[in-house]
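The values are calculated or read from the model by the stated rules, or taken from the named source; none is laboratory data. Predicted model, so just to flag it, every value in this text is computed and none were measured. Cβ sites come from the backbone with ideal geometry, for glycine too, and all protein chains shown count toward neighbours. Surface accessibility is based on the protein's heavy atoms, side chains included, excluding ligands, DNA and RNA. Shrake-Rupley method; radii C 1.70, N 1.55, O 1.52, S 1.80 Å.
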Amino acid sequence: MPESSCGVGAVHIWHMDETCINVRGRWTYLYGAIDSNGDTVEFWFSERRNLTAAKRFLRKALKRHGRPERIVIDGSQTNRGAILSCDATNQLEYRSGRKLKPIRIRQSAYLNKRIEQDHRAIKRRIRPMLGFKSIPSTRVILGGIEMVHMMRKQQAKYACNRQLSLADQFELLAA
């Protein structure tokens with residue numbers, strides 16, 4: 001399970017959404033998930049916004065961070081289908097004798113404002129860049145922006161040490 005800020009404990013509710021990013025005149029998508037504390041669970045950049053992309057993002061998040069009790073999404077049927085599909089696959093792969101409770105899905109545009117606000121921080125950073133020129137450079141730059149955003153939220157394990165500057169935290173993460 002993911003650690004929240006300063007190792008307080010695991011949180012079992014995720015907010016999941018995607019946002020549009022313009023790359024050389026084409027719309028691409030940045031998928032993201034945060035927990036109820038606002039900590040980033042996972043992010044993933046995709047050229048497409050379809051069931052395959054949503055499932056790939058969700059499988060990555062589930063593999064790295066375990067199963068949440070509930071996922072909050074907006075009205076997206078694609079995300080709903082991805083959650084149902086990945087949850088069924090995850091239950092089949094579960095090797096213990098116990099039966100897993102299914103992941104509850106909560107569709108609410110109002111409750112999903114939390115992830116929209118998280119996307120706003122990324123949009124604020126990329127707006128002055130006047131767009132991206134290529135998919136590979138976009139992937140690298142968005143990864144860096146997300147990493148700095150996570151450090152500002154003091155999400156890294158060593159971020160509780162107040163003496164480290166953002167540059168020092170970045171150096172430790174990149175190493």
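Over 21 Å between Cα atoms, which of 60/113; 113/153; 63/153; 60/123 qualify? Please list the in-between numbers first.
On the way: 60/113 23 Å; 113/153 17 Å; 63/153 23 Å; 60/123 23 Å.
With Cα atoms farther than 21 Å apart: 60/113; 63/153; 60/123.
Quick one: length gained pulling residue 148 to residue 85 fully straight, 0.36 nm per residue minus the C-alpha distance? Walk me through the intermediate numbers first.
On the way: separation 63, 0.36 × 63 = 22.68 nm, distance 3.20 nm.
19.5 nm is the gain from fully extending residue 148 to residue 85.
I'd like the FRET efficiency for residue 37 and residue 92, computed as 1/(1 + (r/R0)^6) with the beta carbon distance as r and R0 of 41 Å, rounded to 0.05. Provide the component values of the computation, followed by the final result.
On the way: r = 30 Å, r/R0 = 0.74.
That pair, residue 37 with residue 92, gives E of 0.85.
Give the aspartates and glutamates whose C-alpha is closer than 20 Å to that of residue 101, dropping any in the same chain fewer than 8 places away, or say none.
By straight Cα distance, residue 101 reaches 35, 69, 87, 93.
Are there any GluC sites (Glu not before Pro) in the range 59-120 that are in a DSSP loop and have at most 16 other Cβ atoms within 10 Å? List them by number.
Values: sites: 69, 93, 116; in loops: 69.
Counting only loop positions with at most 16 other Cβ atoms within 10 Å, the GluC sites (Glu not before Pro) in the range 59-120 are 69.
Kindly provide the Kirkwood hydrodynamic radius of the range 10-69 in Å, to one decimal, from all pairs of distinct alpha carbon atoms.
Details: mean 1/r = 0.0832 Å⁻¹.
Radius from the Kirkwood sum: 12.0 Å.
Order the following by accessible area, largest value first: 92, 111, 84, 62. Probe radius 1.4 Å; ligands, DNA and RNA are ignored. Present the calculation step by step, with values, prior to reporting the outcome.
Working: 92 155, 111 60, 84 95, 62 20 Å².
Order by accessible area, largest first: 92, 84, 111, 62.
Please give me, ordered by residue number, the trypsin sites (Lys or Arg not before Pro) of the range 102-142 that lie in loop per DSSP and have at most 14 other Cβ atoms within 10 Å.
Hits after loop and neighbour filter: 133.
Run a plain Debye calculation on the range 13-174 (Cα atoms as equal point scatterers, no solvent) and give log10 I(q)/I(0) at q = 0.09, 0.14, 0.18, 0.21 Å⁻¹, rounded to two decimals, same order as the q list.
Taking Cα atoms of the range 13-174 as identical point scatterers yields -0.32, -0.77, -1.16, -1.40.
Using DSSP to call loops (not H, G, I, E or B), can you name the chymotrypsin sites (Phe, Trp or Tyr not before Pro) in the range 68-136 whose Cβ has at most 10 other Cβ atoms within 10 angstrom? All intermediate terms of the calculation are to be shown ahead of the outcome.
Working: sites: 94, 110, 132; in loops: 94, 110.
Loop-located and lightly packed - 110.
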